[in-house]
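Each remark here refers to the structure printed beneath this line.
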Amino acid sequence: MTVSTEKRCVNKLVVVGIGLIGGSLAAALKQERACREVIGVARREQTCVDAVRLGVCDRAVLSIGDIAAELGAGDVIFIAVPTLTVDKVLADIKAVVSPDVTITDGASVKGSVVAAVCAIYGELPPQFVAGHPIAGSERSGVEASNPDLYRQHRVILTPTAETGAEHLALVEAMWQAVGAEVLMMPVEEHDDVLAATSHLPHAIAYSLVDTLAHDSENENIFRYAAGGFRDFTRIASSDPVMWHDIMKANKTSVLKALDLFAENLSRLRGAIEREDSEQLLGVFTRAKAARDHFTKMLTKQAYSPSMQDKEITYRVQPGGSVSGQLRVPGDKSISHRSIMLGSLADGVTDVEGFLEGEDALATLQAFRDMGVVIEGPDHGRVRIHGVGLHGLQAPPGPLYVGNSGTSMRLLAGLLAGQDFDAELTGDESLSKRPMNRVANPLREMGAEIETAEGGLPPVKIKGGAKLKAINYVMPMASAQVKSCVLLAGLYADGETVVTEPAPTRDHTERMLNGFGYPVAREGATAKLQSGGKLTATAIEVPADISSATFFMVAAAIAPGSDVTLTHVGINPTRVGVINILRLMGADLTLSNEREVGGEPVADIHIKYAPLKGIEIPEDQVPLAIDEFPALFVAAACAEGTTILRGAEELRVKESDRIQVMADGLQTLGVKADPTPDGIVIEGGSFGGGEVESHGDHRIAMSFTVAALRAGGEIVIRNCANVATSFPTFIALAQQAGIALQVEEG
Ligand code: S3P
């Protein structure tokens, strides 16, 4: 016989109203053995009998007065009656129950309950903790009691200044004991949120079914009603008295939500009447994106804001080789720019090969938030209904761009030219990255920009500034800064000129030209004149050379390897990795070179060949800026010393890539000495170990590849962000021959 351990938190639980909500809490606490006794209180004798027969309660009585004398500190009364009956129950309780007993409720409206308590007690007594479990079912009555109803559901408590801490703690512990997640919220906020998310949908579902039921054709309508009707109207089978009460008790907030909905519905009606495809697609694509996001949140799947919560570990067995023909996903830099410029263009832009990674998706969502209709992405295809240079609309709130520095910095430039205010926010890593490099030149152009202390995100941009063109000589080689200034230049008075200290990726200039917006390039300088327009075009995004890098290095270091990477972008400003690997002795050839949509592409064939250490030419640094973590792994496998200088920019990427790589390599037994602007790596053999990626996607992928030459297993922590740039990395790495296993949790 197994003896279950008792984890009691409540002494006696008294449930007033043993229906779905009350009965489920009773049953759950009993199942969890989290209280000593459950006593039900019901108006009908039969309910009392049923509650005990079904095992929901230990005993049941007809009036709280029958048991009030037994109750004291540590006992909880849970009021689970329809909202408008709560005051009557409270009046009964006040007459007979001691102030030591904790009282809570489950009503869906909190303002009316709190008002009723105040009216009856003259003030809010410390023993009262207003609460609302966000769980339910269209079923009702004690028979519907379900001990698992609250598991992984949220319970909102709305304590006030008067609420006693010990009572609040007891109610919180009670809900946690039945598997619920407890949140705290002010009363008014609760009622507004619930009006929108629960009360409005119920009102609409009831009204829709009632409308159809009155239709003369109703029999046919219900006979042929398909899944859509059933899904949408399921909640119209809920308890009518309960919902009658909720609508009345939360009248003000419900009316606000209904009015907003009625306005939007009538706009949708207008769009249908006018056959306005743009407007219809706008509503449907935005709604689909929001609903998909919501579904993912609910099922706790990856999506940029929630990825941070995921703890993903890579475990890679040592040895092996890589082979095959691989196509890595679309270029991240070009994907970002396709959404930005497509949105600002006149007409419809079709994109193929778009990177469906979290960074580029963050840009896509930001433009949806600014009113651009974007269809997809669907297998790399995106259709952008451009709104023109002056067609963006104020977003409803801050634009959250997750881990993506490119989104934040390029958007800062573009937003500086809009007539609305905007705020850019990011995740933990992005919130530590410098933004003054873009804020400073934008301020010089006349933009009003605020950052957090030290020039860190969030970045707040005041709308309506009159920008003037500047001649900007960049203090660092950064394509993001260059692009930011050029995008602001689209809105500035005159000719904007940007000069870079070394060549950086020029996708912005190329793509602007592709959209028919002239950008002149003379040596290190790019210039554009405001007042032009972008005309929609088709874009084919090549495979990302930065993602291909991991397989290039893999093949270069692992004996027996032979890999072909197809359709890779080989823009001359991005090919540092090819040049450096060749200098190290890699066997790497390009074939099938051609140009797609203004960008050169090729197939890259790479076979294992012994590598040697080199001094990396400094002019290659900006051309390989994202590839160094992987190149450090190549250096660790090369014969001799590799020295990198002039790469201090690596310290302000998604992590401090010099320090983080040095730490990881040292853990594996590699001699890797960081310097202020680079690193010195002694090549040779190394072992396994556990390394930390610090949430940096490229660090995680680099150490995955390192395992091919390691003497033992490599465990890499914190790998969730690989999804920002290379969502298919795990599958491709496994397919190529890397013994990678993923652990979650
Ligand atoms: C990028 C520019 C580079 C690069 C980043 C993407 C771009 O950043 O590291 O991954 O798309 O413009 P910097 O401009 O900071 O060098």
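The values are calculated or read from the model by the stated rules, or taken from the named source; none is laboratory data. All values reported here derive from a predicted model rather than from experimental measurement. Here Cβ is always computed from backbone atoms with ideal geometry, including for glycine, and neighbour counts include all displayed protein chains. For accessibility, only protein heavy atoms count, side chains too; no ligands or nucleic acids. Shrake-Rupley method; radii C 1.70, N 1.55, O 1.52, S 1.80 Å.
Shape class for region 332-540, computed from the alpha carbon gyration tensor (a ≥ b ≥ c): rounded, with a/c under 1.5.
Which one, GLY687, ALA492, ALA554, is farthest towards the positive end of the dipole of the chain when Lys and Arg carry +1 and Asp and Glu -1 on their Cβ? Projecting each Cα onto the dipole axis, the largest value belongs to ALA554. DSSP beta bridges fully contained in the chain are about 55 percent antiparallel. At a probe radius of 1.4 angstrom, the accessible area of the chain per residue rounds to 41 square angstrom. Note on VAL193 and GLU181: the extension gain reaches 2.6 nm, defined as 0.36 nm multiplied by sequence separation minus the Cα-Cα distance. Does region 542-629 classify as rounded, prolate or oblate by the C-alpha gyration tensor (a ≥ b ≥ c root eigenvalues; a/c under 1.5 gives rounded; else a/b over b/c gives prolate, otherwise oblate)? Verdict is oblate for region 542-629.
With a Förster radius of 35 Å applied to the C-beta separation of ALA213 and ARG33, the computed FRET efficiency comes to 0.15.
Between GLU453 and THR499, full extension at 0.36 nm per residue minus the direct alpha carbon distance yields a gain of 13.8 nm. Ordered from largest to smallest accessible area (heavy atoms of protein chains, 1.4 Å probe), the residues ARG368, ARG36 come out as ARG36, ARG368.
May I ask what percent, to the nearest 5, of DSSP beta bridges between residues of region 10-185 are antiparallel? Expressed as a percentage, antiparallel bridges in region 10-185 total about 15.
In the chain, the DSSP-assigned H stretches of four residues or longer account for a calculated mean residue ellipticity at 222 nm of -11500 deg cm²/dmol, using -39500 (n - 2.57) per stretch and the full residue count as denominator. Placing +1 on the Cβ of every Lys and Arg and -1 on the Cβ of every Asp and Glu, with nothing else charged, gives region 380-509 a dipole about its Cα centre of roughly 240 debye.
Summary value for region 332-540: 21 percent relative contact order, contacts being C-alpha pairs under 8 angstrom separated by 6+ residues. A probe of 1.4 angstrom, applied to the heavy atoms of all protein chains, finds LYS256 with accessible area near 120 square angstrom.
Amide H contacts of VAL596: VAL601, each under 5 Å away and 5 or more positions distant or on a separate chain (H built 1.01 Å from N in the peptide plane; Pro and chain starts excluded). Under the shape rule built on the C-alpha gyration tensor, where the axes satisfy a ≥ b ≥ c, region 147-289 is prolate, since a/c reaches at least 1.5 and a/b is greater than b/c. Under the criterion of Cα pairs below 8 Å and six or more residues apart, the relative contact order for the chain equals 10 percent.
This model, with +1 at the C-beta of Lys and Arg and -1 at the C-beta of Asp and Glu, gives region 565-632 a dipole about its Cα centre of some 240 debye. Computed from Cα positions, the angle between helix 277-298 and the longest principal axis of the chain comes to roughly 70 degrees. Packing, taken as the mean count of other beta carbons within 10 Å per residue, orders the peptides 58-68, 109-119, 611-621 from highest to lowest as 109-119, 611-621, 58-68. Only Cα pairs under 8 Å and 6+ residues apart enter the sum, and on that basis the relative contact order of region 435-558 stands at 18 percent.
Across MET242, MET184, MET474, the residue with the most accessible area heads the list, and the full order at a 1.4 Å probe is MET184, MET242, MET474. Computed from point charges on the beta carbon alone (+1 for Lys and Arg, -1 for Asp and Glu), the dipole magnitude for the chain about its Cα centre is near 360 Debye. A straight Cα-to-Cα reach below 12 Å connects LYS256 with the aspartates and glutamates ASP191, ASP192, residues fewer than 8 places away in its own chain not being considered. Could you tell me how many degrees, from 0 to 90 and to the nearest 10, lie between the Cα long axis of helix 200-214 and the main elongation axis, the longest principal axis, of the Cα atoms of the chain? Roughly 70 degrees, rounded to the nearest 10. Note on ARG521: accessible area is roughly 110 Å² with a 1.4 Å probe, heavy atoms of protein only.
The orientation-averaged projected area of the convex hull spanned by the Cα atoms of region 10-185 comes to 8.5 nm².
Rounded to the nearest whole Hz, the Karplus-based 3J(HN,Hα) values (6.51 cos²θ - 1.76 cosθ + 1.60, θ = phi - 60°) of region 338-354 follow the sequence 5, 5, 5, 6, x, 5, 8, 7, 8, x, 9, 9, 9, 10, 10, x, 4, with x at glycine and proline.
The stretch between VAL596 and GLU648, if pulled fully straight at 0.36 nm per residue, gains 15.4 nm over its current Cα-Cα span.
Ignoring lysines fewer than eight residues from LYS527 along the same chain, the ones with Cα atoms less than 28 angstrom from its Cα are LYS332, LYS460, LYS462, LYS466, LYS468, LYS482, LYS653. Computed over protein heavy atoms with a 1.4 angstrom probe, the accessible surface ordering of MET476, MET661, largest first, is MET476, MET661. Computed with every protein chain present, the accessible area of SER207 is close to 60 Å² [probe 1.4 Å]. In this structure, the amide hydrogen of GLY40, modeled 1.01 Å from its nitrogen in the peptide plane, lies closer than 5 angstrom to those of VAL15, ASP58, ARG59, ALA60, VAL61, counting only residues at least 5 positions away or on a different chain. Put simply, when 589-595, 467-473 are sorted by average Cβ atoms within 10 angstrom per residue, most first, you get 467-473, 589-595. Counting only protein heavy atoms and a probe of 1.4 Å, the accessible surface of the chain is 52% carbon and sulfur.
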